[in-house]
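These notes concern the structure reproduced below.
The values are calculated or read from the model by the stated rules, or taken from the named source; none is laboratory data. Keep in mind it's a predicted model, so treat the numbers as computed, not measured. Neighbour counts run over all protein chains shown; Cβ positions are idealised from the backbone, glycine included. In case anyone asks, the SASA skips ligands and DNA or RNA and just uses the protein heavy atoms, side chains included. Shrake-Rupley method; radii C 1.70, N 1.55, O 1.52, S 1.80 Å.
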Amino acid sequence: MKNRLVLNNQTKFNDAIRLLDLNGNGVLPVVDEDEKLLGLITDGDIRKAILNNNLDLEHIINKNPYKLSIDTSKSQIITYLKKIHRRHVPLVDNENKFIKIFTLDEIDFNLKPNWVVIMAGGLGTRLGELTKDTPKPMLKVGAKPMVEHIIDMFVSHGFTKFMLSVNYKAEVVKEYFEDGSKFGIEIKYLEEKKRLGTGGALSLIDVELDAPFFVTNGDVLSSLDYEKLLEYHKEQQATATMCIRKDNYQIPYGVIETDIENNIITMKEKPIKEFFINTGIYVLNPEVLNFVPKDEFFDLPSLFDILKDKNKTTKGFEITDYWIDMGKKEDYVKINNDFKAEGKKI
């Protein structure tokens, strides 16, 4: 492979310059003779070496570079790169053998102007002792809090501006995320002095919005494509779009239909009823904020009723991707098992 420098006693400074030029992406992986990654050299490292008149490769190589497993999904790699403000990362196998360099192209790095509002102030009473000292959105899923996974999914699609609505144990959320800069994002807080529901916190927004914005509950996780959701919202010229998901319930009895004279017309044994549920993920136009009451408890589904009464266009967007609502203890167990499951992409 021409795109890596094999370091041995014969390797010269000029070899690094030549291979960097061949790569054309400003980065050169350095490996040993067993193809194990030793580090990286960038164009900047070369310039500094020349300016400092020190052409010793051992001193030029960054021997502690960021790196990821070759098994990491593309969306996870993009999320990671945007967090660390890098355009490239080496991918290695489980023996640290260099496989390739992943580089963000211009499309991958196209950051969006839309804000994402995450409702992270819930009590989580159904989770019992788990939320005694920790707000539900901050419960660990794998190695990270639930809300960080939600943020990661949005970041992987280019959304980096977040508002977190906080109430219960707000200090836990704020101390962890601060202003978002250490995660490569921007975070503002909507501080509820009292519980305002899934919609009331929107009245606390003090940023002038000039584009549709997302709202998501802080206890739901989905692998849906947020860019496609936004595109759908715009194409439908919707004022508000609610993500919905098909669910079903099996009636545990035989169901009988009769006419007005009690003649039996049909009999269905334990039929399955299908219906759509609200997933707690929305896209809203800024104008909807005019219909959100100030300093009152208000749930977002009520907003859709108001918008319908005002003859505004409201749409449903069906989610067929992974989705889970972490409402109960068994949901928390399931989502952690999903993360542990080999090959599970969330």
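For every residue, the table says whether it meets (1) open to solvent by 40 Å² or more (accessible area, probe 1.4 Å); (2) closer than 12 Å to Ile101 by Cβ; (3) modelled with pLDDT of 85 or more; (4) not hydroxyl-bearing (Ser, Thr, Tyr).
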{"position": "Ile17", "(1), (2), (3), (4)": "yes, no, yes, yes"}
{"position": "Lys48", "(1), (2), (3), (4)": "yes, no, no, yes"}
{"position": "Lys74", "(1), (2), (3), (4)": "yes, no, no, yes"}
{"position": "Leu81", "(1), (2), (3), (4)": "no, yes, no, yes"}
Item to check | Candidate set: segment 83-103, residues that are open to solvent by 50 Å² or more (accessible area, probe 1.4 Å) and closer than 16 Å to Val27 by Cβ; chosen: the one nearest to the chain's Cα centre (by Cα) | outcome: His85
Next on the checklist: Of the conditions (1) charged (D, E, K, R); (2) under 24 Å from Glu148 (Cβ atoms); (3) part of a helix (DSSP H, G or I); (4) free of Cβ contacts under 8 Å to residues at least 40 places away in the same chain, Glu231 satisfies every one except a single condition; which number is it?
Outcome noted: (2)
Checklist entry - Across segment 185-204, what is the total count of residues that are farther than 19 Å from Phe298 by Cβ and modelled with pLDDT under 85? => result 1
Item to check | Matching residues in segment 217-228 - criterion: being crowded, with 23+ Cβ neighbours inside 10 Å and either among the small types (Gly, Ala, Ser) or part of a loop (DSSP other than H, G, I, E, B) (or both) | outcome: Gly218, Asp219
Next on the checklist: Let me spell it out: the conditions are (1) more than 18 Å from Lys136 (Cβ to Cβ); (2) touching a strand residue (DSSP E or B) at 6+ places or on another chain (Cβ under 9 Å); (3) modelled with pLDDT under 90, and Lys182 meets all of them except one. Which number is the exception?
Outcome noted: (2)
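Of the residues Leu37, Leu22, only one is aliphatic (A, V, I, L, M), open to solvent by 40 Å² or more (accessible area, probe 1.4 Å) and out of contact with any helix residue (DSSP H, G or I) (no Cβ under 9 Å at 6 or more places or on another chain); which? Lay out the reasoning, then the answer.
On the way: Leu37 fails: open to solvent by 40 Å² or more (accessible area, probe 1.4 Å).
Answer to the selection: Leu22.
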Next on the checklist: Quick check on segment 58-66. Is at least one of its residues more than 36 Å from the chain's Cα centre (by Cα), of a type outside the set (Ser, Thr, Tyr), at negative phi and surrounded by fewer than 19 Cβ atoms within 10 Å (Cβ to Cβ)?
Outcome noted: yes
Checklist entry - Given (1) surrounded by fewer than 20 Cβ atoms within 10 Å (Cβ to Cβ); (2) touching a Leu at 6+ places or on another chain (Cβ under 8 Å); (3) among the hydrophobic types (A, V, I, L, M, F, W, C), where does Ile251 come up short, assuming only one miss? => result (2)
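Test Ala238 against the stated conditions and say whether it is surrounded by 12 or more Cβ atoms within 10 Å (Cβ to Cβ), part of a loop (DSSP other than H, G, I, E, B) and more than 23 Å from the chain's Cα centre (by Cα).
Yes; evaluated as a whole, the condition is true for this residue.
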Checklist entry - For Val207, all conditions in the list (1) touching a strand residue (DSSP E or B) at 6+ places or on another chain (Cβ under 8 Å); (2) crowded, with 16+ Cβ neighbours inside 10 Å hold save one; what is the number of the exception? => result (2)
